[in-house]
Amino acid sequence: QLRLVESGGGLVQPGGSLRLSCAASGFTLNNYAIGWFRQAPGKEREGVGCIEYSGGTAADSVKGRFIISRDMAKATVYLQMNSLKPEDTALYYCAARAYYAGACLAERAYSSWGQGTQVTVSS
């Protein structure tokens, strides 16, 4: 059974960094794209980026600050978040989709989701 578990969230000051992890089990990571999404209180869930065969892609809203990478040996995908801002505060999720299922930030294309990890950016 495909399973995703996020970790690494926490409280960080503005300008700080965090690295989130998404541990995958029950499937071969190389056969799926992994996306990162976030949802702030009172807002809709939005795509942060994804990693596919060709590498990681970040959404325009976080490009230049967030980097997505993966370690196949550890079956883990990472979201490195730098220069964090209060508006980055949200519950962050990772999700898996088959490559043919849709585009990087197309939430409906993702079939399996983790439970999320909270990121709070505040002084």
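General observations
- The C-beta contact set for the stretch 24-52 (first residue under 24 Å from D88 (Cα atoms), second residue of a type in the set (D, E) and open to solvent by less than 50 Å² (accessible area, probe 1.4 Å), distance under 7 angstrom, 6+ apart or interchain) comprises A33/E52.
- Selection from the stretch 70-87 of residues that are without any contact (Cβ under 8 Å) to a residue 60 or more places away in the chain and either touching a Lys or Arg at 6+ places or on another chain (Cβ under 8 Å) or open to solvent by 50 Å² or more (accessible area, probe 1.4 Å) (or both): R70, M72, A73, K74, T76, V77, Y78, E87
Rundown of residues vs (1) of a type outside the set (S, T, Y); (2) farther than 26 Å from G42 by Cα; (3) touching a Gly at 6+ places or on another chain (Cβ under 6 Å), yes/no style:
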{"residue": "S54", "(1), (2), (3)": "no, yes, no"}
{"residue": "V62", "(1), (2), (3)": "yes, no, no"}
{"residue": "R65", "(1), (2), (3)": "yes, no, no"}
{"residue": "R70", "(1), (2), (3)": "yes, yes, no"}
{"residue": "A73", "(1), (2), (3)": "yes, yes, no"}
{"residue": "T76", "(1), (2), (3)": "no, yes, no"}
{"residue": "L84", "(1), (2), (3)": "yes, no, yes"}
{"residue": "T89", "(1), (2), (3)": "no, no, no"}
{"residue": "R108", "(1), (2), (3)": "yes, no, no"}
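- Selection within the stretch 76-108 - of a type in the set (A, V, I, L, M, F, W, C) and modelled with pLDDT of 95 or more: V77, L79, M81, L84, A90, L91, C94, A95, A96
- For the stretch 53-65, a residue qualifies if it is closer than 17 Å to T89 by Cα and touching a residue at least 24 places away in the same chain (Cβ under 8 Å), and the qualifying residues are A59, V62.
- The residue that is farthest from M81 (Cα to Cα), among those in the stretch 94-123 that are open to solvent by 50 Å² or more (accessible area, probe 1.4 Å) and of a type in the set (D, E, K, R), is R108.
- Residue, farthest from T117 (Cα to Cα), within the stretch 1-51, restricted to residues that are acidic (D, E) and surrounded by fewer than 21 Cβ atoms within 10 Å (Cβ to Cβ): E44
- Residues of the stretch 52-69 satisfying the condition of being surrounded by 12 or more Cβ atoms within 10 Å (Cβ to Cβ) and more than 19 Å from L18 (Cα to Cα): E52
Residues are listed down the side, and each one gets a yes or a no for (1) under 11 Å from the mean Cα position of the chain (by Cα); (2) at pLDDT 95 or above; (3) not β-branched (V, I, T):
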{"residue": "E6", "(1), (2), (3)": "yes, yes, yes"}
{"residue": "P14", "(1), (2), (3)": "no, yes, yes"}
{"residue": "F27", "(1), (2), (3)": "no, no, yes"}
{"residue": "N30", "(1), (2), (3)": "no, no, yes"}
{"residue": "I34", "(1), (2), (3)": "yes, yes, no"}
{"residue": "R38", "(1), (2), (3)": "yes, yes, yes"}
{"residue": "E44", "(1), (2), (3)": "no, yes, yes"}
{"residue": "Y53", "(1), (2), (3)": "no, no, yes"}
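The values are calculated or read from the model by the stated rules, or taken from the named source; none is laboratory data. Note that the structure is predicted; figures quoted are calculated from it, not measured. Quick reminder, even Gly has a Cβ in these numbers, built from the backbone with ideal geometry, and neighbours come from all protein chains shown. We work out accessible area using only protein heavy atoms, side chains counted, and drop any ligands, DNA or RNA first. Shrake-Rupley method; radii C 1.70, N 1.55, O 1.52, S 1.80 Å.
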